[in-house]
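Accompanying notes for the structure given below.
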Amino acid sequence: MATLTKLDDIVSLAKRRGFIFQSSEIYGGLASCYDYGPLGVELKNNVKRAWWKSVVQMRDDIVGLDSSILMHPMIWKASGHADKFADLISECKKCHSRTRVDQLKNKNGSEGDVNELSNKVCPACSSVGQFTEPMPFKLMFETQMGANAEDTMTLYLRPETAQGIFANFRNVLDSTRVKVPFGIAQIGKSFRNEVTTKAFIFRTREFEQAEIEFFCEPGTDEQWYETWKAARFAWYTDLGIKADNLRFREHDADELAHYAKACTDVEYKFPFGSGDWQELEGIANRADYDLRQHQRGMRSMNAWFEQGRDLMKVNLVDEAEDYHKGPLSFYDDQKKKHYIPYVIEPSAGMDRSTLAFLVDAYDEEEVKGQTRNVLRFHPALAPTKVAVFPLVKKEGMPDIAHNITDDLKRYVTAFYDEKGAIGRRYRRQDEAGTPYCITVDGDTLAEKTVTVRERDSMEQIKVSVDQIKGYIRDKLDM
(Lines give C-alpha, C1' and ligand atoms only; values in the text may rest on other atoms or scores of the structure.)
Protein backbone atom coordinates (compact mmCIF):
# COMPACT_ATOMS: atom_id res chain seq x y z
CA MET A 1 0.00 0.00 0.00
CA ALA A 2 1.17 3.50 -0.78
CA THR A 3 1.95 5.95 2.01
CA LEU A 4 0.08 9.22 1.85
CA THR A 5 2.39 12.17 2.41
CA LYS A 6 0.33 15.07 1.06
CA LEU A 7 -2.99 16.51 2.12
CA ASP A 8 -3.45 17.81 -1.43
CA ASP A 9 -4.43 14.33 -2.60
CA ILE A 10 -7.24 14.17 -0.05
CA VAL A 11 -8.48 17.70 -0.80
CA SER A 12 -8.55 16.93 -4.52
CA LEU A 13 -10.41 13.66 -4.08
CA ALA A 14 -12.81 15.23 -1.58
CA LYS A 15 -13.95 17.81 -4.12
CA ARG A 16 -13.86 15.50 -7.15
CA ARG A 17 -16.09 12.89 -5.52
CA GLY A 18 -18.37 15.22 -3.60
CA PHE A 19 -17.12 14.78 -0.05
CA ILE A 20 -16.22 18.34 0.95
CA PHE A 21 -16.46 21.72 -0.79
CA GLN A 22 -15.20 25.18 0.12
CA SER A 23 -18.14 27.10 1.57
CA SER A 24 -19.50 29.93 -0.61
CA GLU A 25 -17.08 28.93 -3.34
CA ILE A 26 -19.05 30.70 -6.10
CA TYR A 27 -18.36 33.97 -4.24
CA GLY A 28 -14.68 33.31 -3.71
CA GLY A 29 -15.12 31.15 -0.61
CA LEU A 30 -15.24 31.91 3.10
CA ALA A 31 -12.06 31.20 5.03
CA SER A 32 -12.10 28.15 7.27
CA CYS A 33 -15.70 27.23 6.42
CA TYR A 34 -16.62 24.09 4.48
CA ASP A 35 -19.70 22.34 3.12
CA TYR A 36 -20.18 18.57 3.13
CA GLY A 37 -21.29 17.21 -0.25
CA PRO A 38 -23.44 14.15 -1.01
CA LEU A 39 -20.78 11.62 0.02
CA GLY A 40 -19.31 13.79 2.76
CA VAL A 41 -22.55 14.24 4.63
CA GLU A 42 -23.11 10.47 4.58
CA LEU A 43 -19.57 9.86 5.86
CA LYS A 44 -19.84 12.41 8.65
CA ASN A 45 -23.30 11.17 9.65
CA ASN A 46 -21.91 7.63 9.79
CA VAL A 47 -19.07 8.80 12.04
CA LYS A 48 -21.60 10.45 14.35
CA ARG A 49 -23.84 7.36 14.31
CA ALA A 50 -20.87 5.12 15.16
CA TRP A 51 -19.95 7.41 18.08
CA TRP A 52 -23.53 7.53 19.38
CA LYS A 53 -23.93 3.77 19.08
CA SER A 54 -20.71 3.20 21.01
CA VAL A 55 -21.28 5.63 23.89
CA VAL A 56 -25.09 5.73 24.22
CA GLN A 57 -26.87 2.90 22.42
CA MET A 58 -24.56 0.15 23.66
CA ARG A 59 -24.30 1.38 27.26
CA ASP A 60 -26.72 1.50 30.17
CA ASP A 61 -24.97 4.31 32.04
CA ILE A 62 -25.09 7.15 29.46
CA VAL A 63 -28.08 9.14 28.22
CA GLY A 64 -28.32 11.64 25.38
CA LEU A 65 -28.99 15.37 25.20
CA ASP A 66 -29.36 18.05 22.55
CA SER A 67 -28.99 21.46 24.17
CA SER A 68 -29.55 24.83 22.53
CA ILE A 69 -26.73 26.66 20.75
CA LEU A 70 -27.94 29.92 22.29
CA MET A 71 -27.81 29.92 26.08
CA HIS A 72 -28.07 32.47 28.88
CA PRO A 73 -24.90 34.61 28.97
CA MET A 74 -24.40 33.86 32.68
CA ILE A 75 -23.53 30.29 31.66
CA TRP A 76 -20.37 31.66 30.00
CA LYS A 77 -19.57 33.79 33.02
CA ALA A 78 -19.83 30.81 35.36
CA SER A 79 -17.85 28.52 33.04
CA GLY A 80 -15.01 31.02 32.77
CA HIS A 81 -15.36 31.56 29.03
CA ALA A 82 -16.48 35.19 29.34
CA ASP A 83 -13.28 36.09 31.20
CA LYS A 84 -10.69 33.57 30.03
CA PHE A 85 -11.61 32.21 26.60
CA ALA A 86 -9.06 34.07 24.48
CA ASP A 87 -5.88 33.38 22.53
CA LEU A 88 -2.76 35.46 22.76
CA ILE A 89 -1.99 36.82 19.30
CA SER A 90 0.79 38.92 17.84
CA GLU A 91 0.86 40.98 14.66
CA CYS A 92 3.74 40.90 12.20
CA LYS A 93 5.03 44.46 11.80
CA LYS A 94 6.06 43.75 8.21
CA CYS A 95 3.00 42.09 6.65
CA HIS A 96 0.43 42.82 9.41
CA SER A 97 -0.79 39.23 9.56
CA ARG A 98 -1.90 38.00 12.99
CA THR A 99 -0.90 34.66 14.45
CA ARG A 100 -1.47 32.84 17.71
CA VAL A 101 1.68 33.17 19.79
CA ASP A 102 1.71 29.47 20.64
CA GLN A 103 1.65 28.62 16.91
CA LEU A 104 4.82 30.58 16.08
CA LYS A 105 8.03 28.63 15.41
CA ASN A 106 11.63 29.65 16.04
CA LYS A 107 13.96 30.24 13.11
CA ASN A 108 15.46 26.79 13.59
CA GLY A 109 12.00 25.19 13.53
CA SER A 110 11.77 24.47 17.26
CA GLU A 111 9.01 25.57 19.61
CA GLY A 112 11.27 27.37 22.09
CA ASP A 113 9.99 29.83 24.68
CA VAL A 114 6.43 30.77 23.75
CA ASN A 115 6.77 34.26 25.20
CA GLU A 116 10.09 35.09 23.51
CA LEU A 117 9.24 36.55 20.09
CA SER A 118 12.65 37.85 18.98
CA ASN A 119 13.49 34.61 17.16
CA LYS A 120 10.00 33.73 15.92
CA VAL A 121 9.25 33.43 12.20
CA CYS A 122 6.15 34.94 10.59
CA PRO A 123 4.30 32.09 8.80
CA ALA A 124 2.98 34.57 6.20
CA CYS A 125 6.10 36.49 5.10
CA SER A 126 8.96 34.61 6.86
CA SER A 127 10.34 37.71 8.58
CA VAL A 128 12.02 37.01 11.93
CA GLY A 129 11.36 38.77 15.23
CA GLN A 130 9.08 41.44 13.76
CA PHE A 131 6.15 41.03 16.15
CA THR A 132 4.08 43.30 18.36
CA GLU A 133 3.55 42.54 22.02
CA PRO A 134 1.03 39.70 22.50
CA MET A 135 -2.59 40.74 22.96
CA PRO A 136 -5.68 38.72 23.93
CA PHE A 137 -8.17 37.86 21.19
CA LYS A 138 -11.62 36.68 22.29
CA LEU A 139 -12.79 33.54 20.57
CA MET A 140 -16.54 33.66 21.15
CA PHE A 141 -18.85 34.95 18.42
CA GLU A 142 -21.33 37.54 19.69
CA THR A 143 -24.89 38.00 18.50
CA GLN A 144 -27.91 40.00 19.61
CA MET A 145 -31.33 38.77 20.72
CA GLY A 146 -34.35 41.01 21.18
CA ALA A 147 -37.02 42.91 19.27
CA ASN A 148 -35.93 46.41 20.23
CA ALA A 149 -33.02 48.29 21.79
CA GLU A 150 -34.45 48.13 25.32
CA ASP A 151 -34.86 44.36 25.25
CA THR A 152 -31.70 43.48 23.33
CA MET A 153 -29.39 41.03 25.03
CA THR A 154 -25.87 40.09 23.94
CA LEU A 155 -25.57 36.34 23.50
CA TYR A 156 -22.78 34.08 22.32
CA LEU A 157 -22.64 31.22 19.87
CA ARG A 158 -21.47 28.44 22.11
CA PRO A 159 -17.74 27.65 21.86
CA GLU A 160 -18.33 24.13 23.21
CA THR A 161 -21.27 21.81 23.85
CA ALA A 162 -20.18 20.83 27.36
CA GLN A 163 -21.85 23.70 29.21
CA GLY A 164 -25.28 22.75 27.90
CA ILE A 165 -24.78 19.38 29.58
CA PHE A 166 -23.73 20.89 32.91
CA ALA A 167 -26.66 23.31 32.84
CA ASN A 168 -29.02 20.32 32.41
CA PHE A 169 -27.40 18.08 35.02
CA ARG A 170 -30.25 18.54 37.52
CA ASN A 171 -32.93 18.18 34.83
CA VAL A 172 -31.51 14.84 33.74
CA LEU A 173 -31.22 13.60 37.33
CA ASP A 174 -34.81 14.58 38.10
CA SER A 175 -36.36 13.21 34.90
CA THR A 176 -34.58 9.86 34.54
CA ARG A 177 -33.55 6.92 36.70
CA VAL A 178 -29.81 7.53 36.35
CA LYS A 179 -27.53 7.58 39.36
CA VAL A 180 -23.86 8.42 39.72
CA PRO A 181 -21.75 7.11 38.04
CA PHE A 182 -23.46 8.02 34.78
CA GLY A 183 -22.83 10.14 31.71
CA ILE A 184 -24.61 12.58 29.42
CA ALA A 185 -23.63 12.59 25.74
CA GLN A 186 -24.22 15.23 23.10
CA ILE A 187 -23.32 15.93 19.47
CA GLY A 188 -23.69 19.50 18.29
CA LYS A 189 -22.31 22.56 16.58
CA SER A 190 -19.82 24.87 18.26
CA PHE A 191 -18.26 28.11 17.05
CA ARG A 192 -14.88 29.73 17.66
CA ASN A 193 -13.49 32.83 16.01
CA GLU A 194 -10.12 31.19 15.48
CA VAL A 195 -7.18 33.41 14.58
CA THR A 196 -5.11 30.61 13.07
CA THR A 197 -7.01 28.11 10.97
CA LYS A 198 -5.33 25.02 9.68
CA ALA A 199 -5.28 22.34 7.02
CA PHE A 200 -8.64 21.82 5.40
CA ILE A 201 -11.35 20.82 7.93
CA PHE A 202 -8.92 20.20 10.79
CA ARG A 203 -9.51 23.59 12.43
CA THR A 204 -12.56 25.58 11.37
CA ARG A 205 -14.64 28.35 12.86
CA GLU A 206 -17.82 26.28 12.78
CA PHE A 207 -17.42 22.67 13.82
CA GLU A 208 -19.23 19.75 15.37
CA GLN A 209 -18.33 18.23 18.72
CA ALA A 210 -19.21 14.92 20.30
CA GLU A 211 -18.81 15.16 24.06
CA ILE A 212 -19.50 13.03 27.09
CA GLU A 213 -19.63 14.39 30.59
CA PHE A 214 -19.27 11.34 32.83
CA PHE A 215 -20.20 12.08 36.45
CA CYS A 216 -18.54 10.01 39.14
CA GLU A 217 -17.89 10.04 42.87
CA PRO A 218 -14.78 11.94 43.97
CA GLY A 219 -12.05 9.41 44.63
CA THR A 220 -13.13 7.19 41.72
CA ASP A 221 -12.27 9.79 39.09
CA GLU A 222 -8.75 8.59 38.34
CA GLN A 223 -9.96 5.06 37.65
CA TRP A 224 -12.71 6.35 35.35
CA TYR A 225 -10.18 8.63 33.66
CA GLU A 226 -8.04 5.64 32.70
CA THR A 227 -11.10 3.64 31.65
CA TRP A 228 -12.25 6.34 29.26
CA LYS A 229 -8.78 6.84 27.81
CA ALA A 230 -8.65 3.19 26.81
CA ALA A 231 -12.22 3.14 25.50
CA ARG A 232 -11.79 6.18 23.30
CA PHE A 233 -8.51 4.99 21.79
CA ALA A 234 -10.11 1.65 20.97
CA TRP A 235 -13.06 3.35 19.24
CA TYR A 236 -10.79 4.70 16.52
CA THR A 237 -8.88 1.48 15.95
CA ASP A 238 -12.10 -0.59 15.96
CA LEU A 239 -13.32 1.56 13.07
CA GLY A 240 -10.20 0.99 11.04
CA ILE A 241 -7.65 3.64 11.94
CA LYS A 242 -4.17 2.15 12.05
CA ALA A 243 -2.81 2.00 15.59
CA ASP A 244 0.58 3.27 14.38
CA ASN A 245 -1.09 6.54 13.40
CA LEU A 246 -2.52 7.12 16.90
CA ARG A 247 -0.92 7.99 20.21
CA PHE A 248 -1.68 9.44 23.65
CA ARG A 249 -0.15 12.73 24.74
CA GLU A 250 -0.49 13.67 28.40
CA HIS A 251 -0.73 17.40 29.09
CA ASP A 252 2.00 18.89 31.23
CA ALA A 253 0.93 20.71 34.38
CA ASP A 254 1.69 24.13 32.87
CA GLU A 255 -0.58 23.56 29.85
CA LEU A 256 -3.66 22.23 31.64
CA ALA A 257 -6.86 24.22 31.21
CA HIS A 258 -8.00 26.15 34.26
CA TYR A 259 -10.69 23.55 35.00
CA ALA A 260 -8.62 20.41 34.50
CA LYS A 261 -7.09 18.09 37.06
CA ALA A 262 -5.57 16.06 34.21
CA CYS A 263 -5.93 15.79 30.44
CA THR A 264 -4.75 13.44 27.72
CA ASP A 265 -5.08 13.94 23.97
CA VAL A 266 -5.63 11.17 21.46
CA GLU A 267 -3.44 12.37 18.60
CA TYR A 268 -3.43 11.31 14.95
CA LYS A 269 -0.53 11.63 12.55
CA PHE A 270 -2.11 13.88 9.94
CA PRO A 271 -0.41 14.41 6.55
CA PHE A 272 0.39 18.06 7.18
CA GLY A 273 3.79 18.39 5.52
CA SER A 274 5.66 15.13 6.15
CA GLY A 275 3.38 14.12 9.02
CA ASP A 276 2.20 16.06 12.02
CA TRP A 277 0.76 14.71 15.27
CA GLN A 278 -2.38 16.68 16.11
CA GLU A 279 -5.23 16.34 18.59
CA LEU A 280 -8.21 14.23 17.58
CA GLU A 281 -9.84 14.08 20.98
CA GLY A 282 -9.20 15.22 24.51
CA ILE A 283 -10.02 13.20 27.63
CA ALA A 284 -10.07 15.52 30.63
CA ASN A 285 -10.59 15.09 34.35
CA ARG A 286 -12.55 18.29 35.08
CA ALA A 287 -12.97 17.43 38.80
CA ASP A 288 -16.01 19.27 40.21
CA TYR A 289 -15.14 22.64 38.67
CA ASP A 290 -18.11 23.06 36.35
CA LEU A 291 -20.98 22.09 38.63
CA ARG A 292 -19.51 24.17 41.47
CA GLN A 293 -19.12 27.15 39.14
CA HIS A 294 -22.70 26.92 37.92
CA GLN A 295 -23.95 26.80 41.51
CA ARG A 296 -22.06 30.04 42.06
CA GLY A 297 -23.49 31.43 38.83
CA MET A 298 -27.04 30.63 39.90
CA ARG A 299 -26.50 32.61 43.10
CA SER A 300 -25.05 35.53 41.11
CA MET A 301 -28.04 36.25 38.87
CA ASN A 302 -29.09 39.34 40.84
CA ALA A 303 -25.66 40.87 40.28
CA TRP A 304 -26.06 40.32 36.55
CA PHE A 305 -29.31 42.31 36.53
CA GLU A 306 -27.89 45.02 38.78
CA GLN A 307 -24.86 45.52 36.52
CA GLY A 308 -27.06 46.15 33.50
CA ARG A 309 -26.55 42.61 32.21
CA ASP A 310 -22.85 43.32 31.72
CA LEU A 311 -20.87 40.10 32.27
CA MET A 312 -17.59 41.94 32.62
CA LYS A 313 -18.83 43.69 35.76
CA VAL A 314 -20.21 40.62 37.50
CA ASN A 315 -18.21 38.84 40.19
CA LEU A 316 -19.45 35.38 41.01
CA VAL A 317 -20.81 35.00 44.53
CA ASP A 318 -18.50 33.07 46.83
CA GLU A 319 -19.48 29.48 47.51
CA ALA A 320 -21.62 28.77 50.56
CA GLU A 321 -20.19 26.53 53.24
CA ASP A 322 -22.71 23.82 52.39
CA TYR A 323 -22.08 23.85 48.63
CA HIS A 324 -21.98 20.05 48.63
CA LYS A 325 -25.70 20.17 49.32
CA GLY A 326 -26.42 22.73 46.58
CA PRO A 327 -28.87 22.34 43.70
CA LEU A 328 -26.26 20.70 41.47
CA SER A 329 -25.13 18.15 44.04
CA PHE A 330 -25.95 14.45 44.13
CA TYR A 331 -27.32 12.58 47.12
CA ASP A 332 -26.05 9.03 47.46
CA ASP A 333 -28.90 7.28 49.26
CA GLN A 334 -26.76 4.22 49.98
CA LYS A 335 -23.86 6.12 51.55
CA LYS A 336 -26.22 8.79 52.97
CA LYS A 337 -24.16 11.72 51.80
CA HIS A 338 -24.22 14.67 49.39
CA TYR A 339 -21.37 15.51 47.06
CA ILE A 340 -20.60 17.42 43.88
CA PRO A 341 -19.68 14.77 41.29
CA TYR A 342 -16.34 14.82 39.53
CA VAL A 343 -16.46 14.77 35.73
CA ILE A 344 -14.47 12.87 33.13
CA GLU A 345 -14.91 14.46 29.71
CA PRO A 346 -14.06 12.68 26.44
CA SER A 347 -14.45 15.44 23.83
CA ALA A 348 -14.04 14.59 20.14
CA GLY A 349 -14.29 16.73 17.03
CA MET A 350 -16.52 15.10 14.47
CA ASP A 351 -14.95 17.09 11.61
CA ARG A 352 -11.45 16.11 12.72
CA SER A 353 -12.54 12.51 13.15
CA THR A 354 -14.09 12.53 9.68
CA LEU A 355 -10.83 13.89 8.26
CA ALA A 356 -8.79 11.25 10.10
CA PHE A 357 -10.99 8.41 8.83
CA LEU A 358 -10.80 9.87 5.32
CA VAL A 359 -7.00 10.19 5.45
CA ASP A 360 -6.44 6.77 6.98
CA ALA A 361 -8.72 5.06 4.46
CA TYR A 362 -6.97 6.62 1.45
CA ASP A 363 -4.72 4.35 -0.55
CA GLU A 364 -3.07 4.22 -3.96
CA GLU A 365 -1.99 1.06 -5.72
CA GLU A 366 -0.99 -0.01 -9.20
CA VAL A 367 -3.43 -2.30 -10.98
CA LYS A 368 -2.58 -3.48 -14.50
CA GLY A 369 -0.26 -0.55 -15.04
CA GLN A 370 -2.72 2.05 -13.80
CA THR A 371 -3.02 3.82 -10.44
CA ARG A 372 -6.11 2.89 -8.46
CA ASN A 373 -7.25 5.38 -5.81
CA VAL A 374 -9.33 3.70 -3.15
CA LEU A 375 -10.87 4.63 0.18
CA ARG A 376 -10.75 1.56 2.43
CA PHE A 377 -13.44 2.67 4.86
CA HIS A 378 -14.72 0.41 7.59
CA PRO A 379 -18.15 -0.73 6.31
CA ALA A 380 -19.91 1.12 9.13
CA LEU A 381 -18.45 4.42 7.88
CA ALA A 382 -18.67 3.96 4.12
CA PRO A 383 -21.01 6.61 2.64
CA THR A 384 -22.46 4.12 0.14
CA LYS A 385 -22.57 0.48 1.17
CA VAL A 386 -23.32 -1.07 -2.21
CA ALA A 387 -23.49 0.03 -5.86
CA VAL A 388 -25.58 -1.81 -8.46
CA PHE A 389 -24.76 -1.82 -12.20
CA PRO A 390 -26.41 -3.29 -15.27
CA LEU A 391 -23.60 -4.51 -17.51
CA VAL A 392 -25.37 -3.05 -20.53
CA LYS A 393 -28.46 -0.89 -20.96
CA LYS A 394 -30.54 -3.54 -22.74
CA GLU A 395 -32.07 -7.02 -22.40
CA GLY A 396 -33.91 -5.98 -19.26
CA MET A 397 -30.71 -5.62 -17.20
CA PRO A 398 -31.48 -2.04 -16.04
CA ASP A 399 -34.90 -3.12 -14.73
CA ILE A 400 -33.40 -5.99 -12.75
CA ALA A 401 -30.64 -3.72 -11.39
CA HIS A 402 -33.19 -1.08 -10.38
CA ASN A 403 -35.26 -3.70 -8.54
CA ILE A 404 -32.19 -4.96 -6.63
CA THR A 405 -31.21 -1.38 -5.75
CA ASP A 406 -34.68 -0.50 -4.49
CA ASP A 407 -34.81 -3.67 -2.38
CA LEU A 408 -31.41 -2.98 -0.81
CA LYS A 409 -32.24 0.67 -0.07
CA ARG A 410 -34.59 -0.46 2.70
CA TYR A 411 -31.54 -1.65 4.64
CA VAL A 412 -28.44 0.13 3.36
CA THR A 413 -27.39 3.10 1.26
CA ALA A 414 -27.39 1.76 -2.30
CA PHE A 415 -26.45 3.53 -5.53
CA TYR A 416 -27.51 2.72 -9.09
CA ASP A 417 -25.18 3.56 -12.00
CA GLU A 418 -25.45 2.62 -15.67
CA LYS A 419 -23.13 5.20 -17.23
CA GLY A 420 -19.72 4.34 -18.68
CA ALA A 421 -17.66 1.21 -19.01
CA ILE A 422 -17.94 -1.22 -16.10
CA GLY A 423 -14.27 -0.68 -15.19
CA ARG A 424 -14.80 3.06 -14.87
CA ARG A 425 -17.84 2.49 -12.71
CA TYR A 426 -15.79 0.27 -10.41
CA ARG A 427 -13.09 2.96 -10.13
CA ARG A 428 -15.63 5.63 -9.23
CA GLN A 429 -16.95 3.47 -6.41
CA ASP A 430 -13.42 2.69 -5.25
CA GLU A 431 -12.83 6.43 -4.83
CA ALA A 432 -16.13 6.73 -2.97
CA GLY A 433 -15.14 3.90 -0.61
CA THR A 434 -18.08 1.64 -1.52
CA PRO A 435 -17.39 -1.84 -0.08
CA TYR A 436 -19.39 -3.88 -2.63
CA CYS A 437 -20.48 -3.56 -6.24
CA ILE A 438 -23.16 -5.77 -7.81
CA THR A 439 -23.27 -6.27 -11.57
CA VAL A 440 -26.31 -7.57 -13.41
CA ASP A 441 -24.93 -9.43 -16.45
CA GLY A 442 -25.68 -12.22 -18.87
CA ASP A 443 -25.57 -14.84 -16.10
CA THR A 444 -28.36 -12.96 -14.34
CA LEU A 445 -30.67 -13.66 -17.26
CA ALA A 446 -29.54 -17.26 -17.73
CA GLU A 447 -28.78 -18.45 -14.19
CA LYS A 448 -30.42 -15.87 -11.89
CA THR A 449 -27.04 -14.85 -10.42
CA VAL A 450 -25.23 -11.51 -10.11
CA THR A 451 -21.52 -10.72 -9.87
CA VAL A 452 -20.44 -9.23 -6.52
CA ARG A 453 -17.11 -7.39 -6.42
CA GLU A 454 -15.35 -6.65 -3.11
CA ARG A 455 -13.62 -3.26 -2.93
CA ASP A 456 -10.33 -4.04 -1.19
CA SER A 457 -9.40 -7.35 -2.83
CA MET A 458 -11.32 -6.72 -6.11
CA GLU A 459 -12.35 -10.38 -5.97
CA GLN A 460 -15.60 -11.27 -7.75
CA ILE A 461 -18.03 -14.05 -6.92
CA LYS A 462 -21.44 -15.18 -8.17
CA VAL A 463 -24.41 -14.88 -5.82
CA SER A 464 -28.02 -15.88 -6.48
CA VAL A 465 -30.36 -12.95 -6.96
CA ASP A 466 -32.68 -14.23 -4.24
CA GLN A 467 -29.76 -14.41 -1.77
CA ILE A 468 -28.12 -11.06 -2.50
CA LYS A 469 -29.89 -9.14 0.26
CA GLY A 470 -28.83 -11.61 2.95
CA TYR A 471 -25.32 -11.84 1.53
CA ILE A 472 -24.76 -8.06 1.63
CA ARG A 473 -26.28 -7.67 5.09
CA ASP A 474 -24.07 -10.47 6.43
CA LYS A 475 -20.96 -8.94 4.90
CA LEU A 476 -21.81 -5.54 6.36
CA ASP A 477 -22.66 -7.16 9.73
CA MET A 478 -26.13 -5.58 9.78
(message) If I go through the stretch 186-201 residue by residue, how many of them are buried (at least 18 other Cβ atoms within 10 Å of the Cβ) and more than 18 Å from residue 123 (Cα to Cα)?
(response) 7
(request) Quick one: residue 144 ticks every box in (1) more than 32 Å from the chain's Cα centre (by Cα); (2) among the polar types (S, T, N, Q); (3) within 22 Å of residue 305 (Cα to Cα) except a single one, so which number is it? (result) (1)
(request) Being surrounded by 13 or more Cβ atoms within 10 Å (Cβ to Cβ) and among the charged types (D, E, K, R) is the filter here, so list the residues in the stretch 128-177 that pass it. (result) 138, 158, 160, 170
(request) Would you tally the residues in the stretch 317-340 being assigned to a loop (DSSP other than H, G, I, E, B) and surrounded by fewer than 20 Cβ atoms within 10 Å (Cβ to Cβ)? (result) 12
(request) Please indicate, with yes or no, whether at least one residue in the stretch 47-60 is within 30 Å of residue 172 (Cα to Cα), in contact with a Pro (Cβ under 9 Å, 6 or more places away or on another chain) and among the β-branched types (Val, Ile, Thr). (result) yes
(request) Would you please name the residue that is surrounded by the fewest Cβ atoms within 10 Å (Cβ to Cβ), looking only at residues in the stretch 247-278 that are without any contact (Cβ under 8 Å) to a residue 24 or more places away in the chain and in contact with a Phe, Trp or Tyr (Cβ under 8 Å, 6 or more places away or on another chain)? (result) 248
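Each row is one residue, and each column tells you yes or no for (1) more than 15 Å from the chain's Cα centre (by Cα); (2) closer than 17 Å to residue 352 by Cβ; (3) modelled with pLDDT of 90 or more.
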position	(1), (2), (3)
1	yes, no, no
4	yes, yes, no
17	yes, no, yes
29	yes, no, yes
38	yes, no, yes
45	no, yes, yes
61	yes, no, yes
(request) Could you tell me which of the residues 353, 329 is in contact with a strand residue (DSSP E or B) (Cβ under 9 Å, 6 or more places away or on another chain), under 30 Å from residue 204 (Cβ atoms) and not aliphatic (A, V, I, L, M)? (result) 353
(request) Restricting attention to the stretch 251-280, report how many residues are part of a strand (DSSP E or B) and within 20 Å of the chain's Cα centre (by Cα). (result) 13
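Restricting attention to the stretch 453-468, which residues are within 16 Å of residue 403 (Cβ to Cβ) and in contact with a Phe, Trp or Tyr (Cβ under 7 Å, 6 or more places away or on another chain)?
463
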(request) Select from the stretch 341-396 the residues that are touching a residue at least 60 places away in the same chain (Cβ under 8 Å), in a strand (DSSP E or B) and β-branched (Val, Ile, Thr) and list them in ascending order. (result) 343, 344, 367, 374, 386
(message) Please verify whether residue 108 is free of Cβ contacts under 8 Å to residues at least 40 places away in the same chain, out of contact with any strand residue (DSSP E or B) (no Cβ under 7 Å at 6 or more places or on another chain) and surrounded by 14 or more Cβ atoms within 10 Å (Cβ to Cβ), treating the condition exactly as stated.
(response) no
(message) Step by step: first the residues of the stretch 386-433, then only those that are closer than 28 Å to residue 9 by Cβ, β-branched (Val, Ile, Thr) and in contact with a Pro (Cβ under 8 Å, 6 or more places away or on another chain), then the one that is surrounded by the fewest Cβ atoms within 10 Å (Cβ to Cβ). Which residue is that?
(response) 413
(request) Could you tell me which residue of the stretch 202-222 is nearest to the chain's Cα centre (by Cα), considering only residues that are buried (at least 17 other Cβ atoms within 10 Å of the Cβ) and assigned to a loop (DSSP other than H, G, I, E, B)? (result) 202
(message) Being at negative phi and crowded, with 21+ Cβ neighbours inside 10 Å is true for just one of 300, 353. Which residue is that?
(response) 353
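Pick from 439, 444: which is assigned to a strand (DSSP E or B), polar (S, T, N, Q) and either crowded, with 17+ Cβ neighbours inside 10 Å or not assigned by TED's automatic domain parsing to the domain that holds residue 238 (or both)?
The match here is 439.
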(request) Would you mind listing the strands (runs of 3 or more DSSP E) fully within the stretch 84-143 where at least 1 residues are among the aromatic types (Phe, Trp, Tyr) and either modelled with pLDDT under 80 or not assigned by TED's automatic domain parsing to the domain that holds residue 257 (or both)? (result) 135-138
(request) Go through the stretch 232-246 and count every residue that is assigned to a helix (DSSP H, G or I) and loosely packed, with under 14 Cβ neighbours inside 10 Å. (result) 5
(request) Give the residue that is farthest from residue 192 (Cα to Cα), with candidates limited to residues of the stretch 149-174 that are among the polar types (S, T, N, Q) and without any contact (Cβ under 8 Å) to a residue 60 or more places away in the chain. (result) 171
(message) Looking at residue 174 and the list (1) in a loop (DSSP other than H, G, I, E, B); (2) out of contact with any strand residue (DSSP E or B) (no Cβ under 7 Å at 6 or more places or on another chain); (3) closer than 30 Å to residue 65 by Cα, which single condition is not satisfied?
(response) (1)
(request) Would you be able to tell me the number of residues in the stretch 155-165 that are more than 15 Å from residue 66 (Cβ to Cβ) and either part of a helix (DSSP H, G or I) or more than 17 Å from the chain's Cα centre (by Cα) (or both)? (result) 3
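The values are calculated or read from the model by the stated rules, or taken from the named source; none is laboratory data. Everything numeric here is computed off the predicted structure, so don't read it as measured data. FYI the Cβ positions are ideal-geometry reconstructions off the backbone, even for glycines, and counts take in every protein chain you see.
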